Amino acid sequence: MVTAYLALLGLVGLERVAELLVSSRNARIARGRGAVEVGAQHFGPMAALHALFLPACAAEVLLLGRAFPGPLGWAALGAVALAQGLRWWAVASLGWRWSVRIIVIPGAPPMTSGPYRFARHPNYVAVAVEMLCLPLAHGAWIAAAAFSLANAAVLAVRIRAEERALGAPWAKAFAGVPRFFVGGPRG
């Protein structure tokens, strides 16, 4: 099972590379249409957190001899698959406006279709689920806890910067939409 888990981490790593390629292309398109970047000062710590995540999962499993946790591992794996689907639904819905950076086109209407009908930040939901469940898929509970807490701290800063940059039209369009999930907090 360890080999399968390491292969899964490799696949997620390839998915992250694909995300960065899509993001880079989209950022060029957006900047060509007058977009501006905000929140660049917190991007480095966020990128470092994401860069360390997969190696930390592998290290915990290998160095601490974590065993596959049976039903919890299968449930976590299912949640990871759902998170990937949600992530790419969000990316596809935003199209060329999606980026790993906060790049805003002044005057552009808010995206309110796709998963954005149900949550203001579906991509961040996907990231949070992945950071919790990918390590738990093979019993790496230390990585699950540490990276989930660090991700929450990063997102607290990032979401404030992003929502401020998107401005009043975005706030009005999302006034009744929960921040992360249906039934969750709206503010």
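Tabulated data
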{"quantity": "Residues being of a type outside the set (V, I, T) and within 13 Å of V12 (Cα to Cα) - total across the range 53-81", "calculated": "7"}
{"quantity": "Only one of P110, P45 that is outside any helix (DSSP H, G or I), surrounded by fewer than 20 Cβ atoms within 10 Å (Cβ to Cβ) and in contact (Cβ under 8 Å) with a residue 60 or more places away in the chain", "calculated": "P110"}
{"quantity": "Filtered residues of the range 69-87 (kept if surrounded by fewer than 18 Cβ atoms within 10 Å (Cβ to Cβ), in a helix (DSSP H, G or I) and not aliphatic (A, V, I, L, M))", "calculated": "P71, W74, G78, Q84, G85"}
{"quantity": "Any hit, the range 115-123, residues being within 30 Å of T3 (Cα to Cα) and of a type in the set (A, V, I, L, M, F, W, C)", "calculated": "no"}
{"quantity": "So W98, is it surrounded by fewer than 17 Cβ atoms within 10 Å (Cβ to Cβ), more than 19 Å from L6 (Cβ to Cβ) and within 13 Å of the chain's Cα centre (by Cα)", "calculated": "no"}
{"quantity": "Checklist (1) surrounded by 18 or more Cβ atoms within 10 Å (Cβ to Cβ); (2) in a helix (DSSP H, G or I) applied to R66, failing item", "calculated": "(2)"}
{"quantity": "Whichever residue in the range 126-160 is aliphatic (A, V, I, L, M) and not in a helix (DSSP H, G or I) and, among such residues, is nearest to F53 (Cα to Cα)", "calculated": "A140"}
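Every number here is computed from the coordinates shown, using simple stated rules; none is lab data. This is a predicted model, so every value here is computed, not measured. Positions of Cβ are backbone-derived with ideal geometry, glycine not excepted, and every protein chain shown enters the neighbour counts.
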